[in-house]
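Structure record follows, encoded as structure tokens.
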Amino acid sequence: MASEAEKTHAFLRSCSIESLISSLGLGIFCLIADRLLQFPIIQQNNWLRALSDNAVHGVIGMWSWAIVIGVKKKTDLREIILAGFLASVIDVDHFLLAGSLSLKAALTLPRRPFLHCSTVIPFAVLTLKLTMHLFKLKDSWCFLPWMLFISWTSHHVRDGIRHGLWICPFGKTSPLPFWLYVIITSSLPHICSLVMCLTGTRQMMSSKHGIYIDV
């Protein structure tokens, strides 16, 4: 269990100037990227629209996790790439629901696919945490549930500006205001960092694996 001094130190790092500047950059990226995706040349081409939209999800996932852990050595890049992959891979459920590899079928579904239900996120995170505990991976992979949470939540929030959040079995919300999407996305890494401080996860990442966290 982390001492109060370690928690305080980790807390201060999570609110550093560097991390705040990175969050501001993430917010600006969201503003620019989603405006660029509205250009007719992208909207009129299904493949270009789908690939660019998925790429933005991936970049947001990578950027968010980079804010959480900082980029101090090459091994950090693997985690960041994994976060981007997790943020992008959700969209595979479009093809699963369509039962086809056809992009047209995946884009014209009668309903939203199951991984786009926001109540799946806490269930998936808790399931992963329990699985790691059973296989005694909770120390070496302690960051993974948090990475999954940030990557999938950022994806859902961004989709929410068009479709709202689907909180089954209660239904869905109204589409999120664009400004709220930007604020949530840029503040999510800090919220997760602070909770990770309180639970001792950040200290465990540092002490067990030599990860120098300075965000």
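Annotations
- Wholly within the range 70-127, helices (runs of 4 or more DSSP H) carrying at least 2 residues that are closer than 20 Å to S193 by Cβ: 74-89
- The residues of the range 117-141 that are without any contact (Cβ under 8 Å) to a residue 24 or more places away in the chain and hydroxyl-bearing (S, T, Y), listed by number, are T127, T131.
- Number of residues in the range 78-92 that are surrounded by 14 or more Cβ atoms within 10 Å (Cβ to Cβ) and farther than 18 Å from V56 by Cβ: the value is 1.
- Scanning the range 87-103 for residues that are over 15 Å from W47 (Cβ atoms) and under 21 Å from the mean Cα position of the chain (by Cα) yields a total of 6.
- Test: residue in the range 105-116 that is in contact (Cβ under 8 Å) with a residue 12 or more places away in the chain and touching a strand residue (DSSP E or B) at 6+ places or on another chain (Cβ under 7 Å): yes
- Number of residues in the range 165-201 that are touching a Ser or Thr at 6+ places or on another chain (Cβ under 8 Å) and of a type in the set (G, A, S) equals 3.
- Looking across the range 34-45, the residues that are loosely packed, with under 13 Cβ neighbours inside 10 Å and assigned to a helix (DSSP H, G or I) come down to R35, L36, P40, I41, Q43.
- The set of residues from the range 183-215 being at pLDDT 65 or above and open to solvent by less than 20 Å² (accessible area, probe 1.4 Å) comprises T185, L188, P189, C192, S193, M196, C197, G200, T201, R202, M205.
The values are calculated or read from the model by the stated rules, or taken from the named source; none is laboratory data. Here the structure is a predicted model, which means the values were calculated and not measured. FYI the Cβ positions are ideal-geometry reconstructions off the backbone, even for glycines, and counts take in every protein chain you see. All accessible areas refer to the heavy atoms of the entire protein, side chains included, with ligands and DNA or RNA removed. Shrake-Rupley method; radii C 1.70, N 1.55, O 1.52, S 1.80 Å.
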